[in-house]
1. Could you say whether any residue in segment 105-122 is part of a loop (DSSP other than H, G, I, E, B) and farther than 25 Å from TYR25 by Cβ?
2. Of the numbered conditions (1) assigned to a helix (DSSP H, G or I); (2) in contact with a strand residue (DSSP E or B) (Cβ under 9 Å, 6 or more places away or on another chain); (3) touching a residue at least 60 places away in the same chain (Cβ under 8 Å), ALA545 fails exactly one; give the number of that condition.
3. Conditions first: (1) within 16 Å of GLY580 (Cβ to Cβ); (2) outside the structural domain of ARG351 (by TED's automatic domain parsing). GLU437 passes all but one, so which condition is the exception?
4. Please work out which one of (1) within 33 Å of the chain's Cα centre (by Cα); (2) farther than 24 Å from PRO157 by Cβ; (3) surrounded by 15 or more Cβ atoms within 10 Å (Cβ to Cβ); (4) free of Cβ contacts under 8 Å to residues at least 40 places away in the same chain is the condition LYS40 fails and give its number.
5. Which number in (1) crowded, with 17+ Cβ neighbours inside 10 Å; (2) over 23 Å from the mean Cα position of the chain (by Cα); (3) more than 22 Å from LYS578 (Cβ to Cβ) marks the one condition that HIS493 misses?
6. Kindly indicate whether any position in segment 300-308 is assigned to a helix (DSSP H, G or I), surrounded by 12 or more Cβ atoms within 10 Å (Cβ to Cβ) and modelled with pLDDT of 85 or more.
7. Looking at segment 538-562, which of the residues that are out of contact with any Phe, Trp or Tyr (no Cβ under 8 Å at 6 or more places or on another chain) and among the aliphatic types (A, V, I, L, M) is surrounded by the fewest Cβ atoms within 10 Å (Cβ to Cβ)?
Amino acid sequence: MAFDGITIANIVSELKETLSGGRIYKIAQPENDELMLTIKNNGTQYRLLLSADASLPLVYLTQRNKQSPLTAPGFCMLLRKHLQNARILNIAQPGLERIIHLELEHLNELGDLCRKKLIIEVMGKHSNIIFCDDKDRIIDSIKHISAMVSSVREVLPGRDYFIPQTQNKWNPLRFCPQYTETDSGADASFLKTEEDRVLLTYGDFCEHMRSKPMAAYKALYTSYTGLSPIIAQEICFRAGIDADLPANVLEDTALHTLYDTLTAMLQQVITGVFTPTILYNGPEPIEFASLPLTLYADKTARTFDSISVVLEQYYAQRSMVTRIRQKSVDLRKIVQTALERNIKKYDLQIRQMQDTEKKDKYKIYGELINTYGYNITPDSKSMEALNYYTNETITIPLDPTLTPQENAQKYFEKYGKLKRTYEALSELTVQVKEEIEHLESILAALDIAMQEEDLVQIREELIESGYIRRKGGTKKARVTSRPFHYISSDGFHMYVGKNNFQNDELTFKFATGNDWWFHAKKKAGSHVVVKTEGQELPDRTFEEAARLAAYYSKGRDQAKVEIDYIQKKHVKKPAGAKPGFVVYYTNYSMAIDSDISAIRQVD
């Protein structure tokens, strides 16, 4: 999700706690629109990343350093001149705007104490980093915005800095007396104007909402600063209100519940009660937030102590997922094309198999003509005869140009042709069905691939299966990818294959006879092996292993997935079977969800 005002409030709260009173030790500009500040405070060194990238603006603490250009840009040199060794007096946010103020104190060339502001605006394509004096006059900015670019506000040296009011939104914190009655909010994180000191009421809320004939969640985020669409939907969800219901038709009871839910959330923001969270759909991170998102109850949620860690991990993982998807596009296209071709072939074969169901009828026709054909008159187009298999009288079509013996022979030839077709298709349909299952398992492996190394084995499998031609002179790729490794709540080691080669290795080389084996029933997915070390598995470990098998299968998005489990010694691999294909007969089964958030993964 995009940065909203609540996420900025969480960042400001964290930065205040970590950096207030610290001194700026180094200033670097690794990219044209990015700063890296190294700050020393309480004997610890921190790195603060400030990015005004139009596509991905960011502000967070990081342990990672970035390479800087040999020659520092002009903006970086200016900041070094003024802010080297400057002390951070305060870090604040105006209302719930997506803006952060760093209030700084430094000595000028004459040794006089001066104050400056470094303002970070996290506003998508309008993001900027602006350096101002103590009178809010712009000294310089990382991006210069002239009147030709924006008619709302110029961001140029010598101009006065102000926050443009372009959307006619209210500061929702004004609903909270705790915010309006203090100078800078409960934790001094909010800069306030005179207007902000005036309390908004429930009556104001009703007026704002009923003036907008649009979905309730849209009315929320278009009326108040700092609320993103996803947070607005969360407020509606907590209030038990349909988010898509028009705001101007809400009843008084619903409006009051919505108001109470909104103000309760804002109280958390003012008092700094945040729960930085990343939500996952399978291995892919899909959302992050500073407050719990209860409307995503079906997704895996992971909470953190730091919003900086959330931002760094979320965007790193998103970047990794995007990069892996880009690198796997060619493999996915090959597999998808082959899968579609085999499905079409299988459908055609099934239709042809259905046609062969007539074969026995033609055999009976031939036999009956041979039996009763002596009384067929010349030029007859049909004959009636008693079917001695069913004791029913049937009508048999005849070709009047043929003799009874020739008509019988024609039906026997049709029977023979359909019989040969049936026998051939009986084998072919099994082969094609196995190929479809094999290709679906490769697609499942591509879905859970998280590193480039994971793609190496998948590519090798496609080469060995004949879907990709090995380039001349190239050797078999060295394998560095390893199965997922988890520890159950009872301390048992659980392993999950990432692809068919790993599935075979786990099941037939790594697992021993009394280890337990899990797999989603009749679905493409990973083999899960639990090492027993000669012990009995508790019920909880069985359930956790089954959840892993459900999670790493094509049935992940279902409420319940049926899982087969059995001791490894009962799992067999038929001779010549494709990678990952096994057979078993005396298995147990359970239906379980795919929530693995409580299972500890070992890196």
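The values are calculated or read from the model by the stated rules, or taken from the named source; none is laboratory data. Here the structure is a predicted model, which is why all the values come from computation and not from measurement. Positions of Cβ are backbone-derived with ideal geometry, glycine not excepted, and every protein chain shown enters the neighbour counts.
1. no
2. (3)
3. Looking at each condition in turn, GLU437 falls short on (2).
4. (1)
5. (1)
6. yes
7. Residue satisfying both the conditions and the ranking: ALA559.
Residues checked against (1) under 30 Å from ASN171 (Cα atoms); (2) surrounded by 15 or more Cβ atoms within 10 Å (Cβ to Cβ):
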| site | (1), (2) |
| --- | --- |
| LEU50 | yes, yes |
| THR62 | no, yes |
| ASN65 | no, no |
| PHE75 | no, yes |
| LEU79 | no, yes |
| ILE100 | yes, yes |
| LEU118 | yes, yes |
| ASP140 | yes, yes |
| LYS143 | yes, yes |
